[in-house]
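The values are calculated or read from the model by the stated rules, or taken from the named source; none is laboratory data. Computed from a predicted model, the values in this text were never measured in an experiment. Don't worry about glycine lacking a Cβ; one is built from the backbone with ideal geometry, like all the others, and counts go over all protein chains shown. Calculation scope for accessible area: heavy atoms of the full protein, side chains included, ligands and nucleic acids excluded. Shrake-Rupley method; radii C 1.70, N 1.55, O 1.52, S 1.80 Å.
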Amino acid sequence: MIAYIKGKVIDNFDGGVVLENNGIGYEILCSAEALNRLSANGEGGVYTYMQVREDGVSLFGFDTKDEKTMFLKLISVSGIGPKIGIGILSGMKVCDLATAIATSDVKTLSKIKGLGKKSAERIILELRESVSAGEIKDVKKSEPLEVVFSRDDEDAMVALMGLGFSGTQAKNAVKYAQEMGAKTIEQTISFALQSLNK
């Protein structure tokens with residue numbers, strides 16, 4: 001398994017680069033972050049995932065370990081292959097993607113090119129438990145979330161969205177409940193509804 005490649009960019013193509021390492025050119029389909037960095041610098045390294053199928057071998061490149069970890073989770077979802085997975089990562093930063101999954105924000109996920117509502121719902125259903133609030137905080141320490149939501153907070157947001165409020169409304173309302181000192185999920189929902197019904 002090829003896990004990491006570093007070299008010089010000798011060619012660009014739609015969605016990827018050819019990276020030369022020790023005289024061998026590796027064709028790599030890259031996430032937007034990795035592609036932008038490699039194209040700008042003309043060289044560099046990427047974490048990689050190698051897909052082996054009967055009709056060939058493909059390499060996918062990622063800017064960070066966090067991107068690769070999220071990619072592996074995405075392709076574990078039924079109906080999400082590597083090309084769709086890399087497309088999702090190119091449509092949203094890892095931190096934002098993790099937040100959307102953990103908060104069941106179907107609307108935000110559905111905005112990603114090539115990802116329909118049903119696929120977005122499936123991703124949330126299958127990955128929500130594996131994308132924790134702590135993981136979201138650690139995805140990119142350079143871009144921490146202002147508020148870290150607990151599992152109860154996330155459940156409260158889901159309940160609020162079930163009542164017809166948007167993901168953003170639910171998130172802001174739960175943040176308000178935190179500021180009001182809510183300790184239980186019942187208190188969180190109560191304070192949140194007070195905020196939304198003002």
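Taking the numbered list (1) open to solvent by 30 Å² or more (accessible area, probe 1.4 Å); (2) within 14 Å of Asp63 (Cβ to Cβ) in turn, Asn21 passes all entries but (2). Residue pairs whose Cβ atoms lie under 8 Å apart, sitting 6 or more positions apart in sequence or on different chains, and linking a residue in the stretch 107-124 that is without any contact (Cβ under 8 Å) to a residue 24 or more places away in the chain to a partner that is exposed (fewer than 13 other Cβ atoms within 10 Å of the Cβ) and part of a loop (DSSP other than H, G, I, E, B), are Ser110/Gly116.
Of the listed requirements (1) in contact with a Leu (Cβ under 9 Å, 6 or more places away or on another chain); (2) open to solvent by 20 Å² or more (accessible area, probe 1.4 Å), Ser78 misses just one: (1).
What about Gln194, is it free of Cβ contacts under 8 Å to residues at least 24 places away in the same chain and either surrounded by 17 or more Cβ atoms within 10 Å (Cβ to Cβ) or out of contact with any strand residue (DSSP E or B) (no Cβ under 7 Å at 6 or more places or on another chain) (or both)? Lay out the reasoning, then the answer.
Values: free of Cβ contacts under 8 Å to residues at least 24 places away in the same chain: yes; either surrounded by 17 or more Cβ atoms within 10 Å (Cβ to Cβ) or out of contact with any strand residue (DSSP E or B) (no Cβ under 7 Å at 6 or more places or on another chain) (or both): yes.
The answer is yes for Gln194.
Annotation for the stretch 175-185: no member residue is modelled with pLDDT under 85, of a type in the set (Lys, Arg), surrounded by 15 or more Cβ atoms within 10 Å (Cβ to Cβ) and assigned to a helix (DSSP H, G or I). Of all residues in the stretch 1-11, those being over 25 Å from the mean Cα position of the chain (by Cα) and either surrounded by 17 or more Cβ atoms within 10 Å (Cβ to Cβ) or under 17 Å from Ile75 (Cα atoms) (or both) number 2.
Here's the yes/no breakdown for (1) under 23 Å from Phe71 (Cβ atoms); (2) more than 14 Å from the chain's Cα centre (by Cα); (3) at pLDDT 85 or above; (4) crowded, with 19+ Cβ neighbours inside 10 Å:
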site	(1), (2), (3), (4)
Ile123	yes, no, yes, yes
Glu126	yes, no, yes, no
Ser132	yes, no, no, no
Asp138	yes, no, no, no
Glu143	yes, no, no, no
Val147	no, yes, no, no
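Here is the figure for the stretch 163-174: residues that are open to solvent by 50 Å² or more (accessible area, probe 1.4 Å) and either outside any loop (DSSP other than H, G, I, E, B) or within 13 Å of Asp152 (Cα to Cα) (or both) total 4.
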